[in-house]
1. Rounded, prolate or oblate for the range 36-111? Axes are the square roots of the Cα gyration tensor eigenvalues, ordered a ≥ b ≥ c, and the cut-off for rounded is a/c under 1.5.
2. With a cap of 16 neighbouring Cβ atoms within 10 Å, and only residues DSSP puts in a loop, list the trypsin sites (Lys or Arg not before Pro) found in the range 16-58.
3. For a footprinting-style exposure proxy, rank 34, 22 by other Cβ within 10 Å, fewest first.
4. Please give the length that would be gained between residue 127 and residue 104 if that part of the chain were fully extended, namely 0.36 nm times their separation in residues minus their C-alpha to C-alpha distance (nm, one decimal).
Amino acid sequence: MTPDARAAALASDALPDLPRDHDGPVFREPWEAHAFAMAVTLHARGLFTWPEWAAALAEEITRAQQRGDPDTGETYYQHWLATLERMIAAKGVASRETQMQYRDAWDRAADRTPHGQPIALVPDDFCKPH
């Protein structure tokens, strides 16, 4: 088993509500797999423990339910991503402002990139208003 596969298996074991099938975690969209992989990587680098992650994710889901999320499972990875963003800011890896700057730059790069081509960030992506 590769280190990435081991890390994904540990995440699956530590997070009982993780959407999965008999092969492991399942994703409806590529971004969901990317968000999962980012959390697995940050855990492997020691940014947080799985119990810490599970508690933060549970808090995020509870907040979303209080705002009216029907909790049908379709928004699970939206909560996963929100938890990741919150933890990255709380741990001092990247502030909310920095995260928004990169999100906006990525949106600008994606908007100018022809379908099917790789998206590449350039310095101007960080300077232009969206």
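Here, each number is a calculation from the coordinates, and none is a lab measurement. Just so we're clear, the structure is a prediction, and the values are computed from it rather than from any experiment. Don't worry about glycine lacking a Cβ; one is built from the backbone with ideal geometry, like all the others, and counts go over all protein chains shown.
1. Details: a/c = 1.83, a/b = 1.15, b/c = 1.59.
Judged from the Cα gyration tensor, the range 36-111 comes out oblate (a/c at least 1.5, b/c at or above a/b).
2. Details: sites: 20, 28, 45; in loops: 28, 45.
Here the sparse-neighbourhood loop sites are 28, 45.
3. On the way: 34 13, 22 4.
If I rank by nearby Cβ atoms, fewest first, I get 22, 34.
4. Details: separation 23, 0.36 × 23 = 8.28 nm, distance 0.97 nm.
Value of the extension gain: 7.3 nm.
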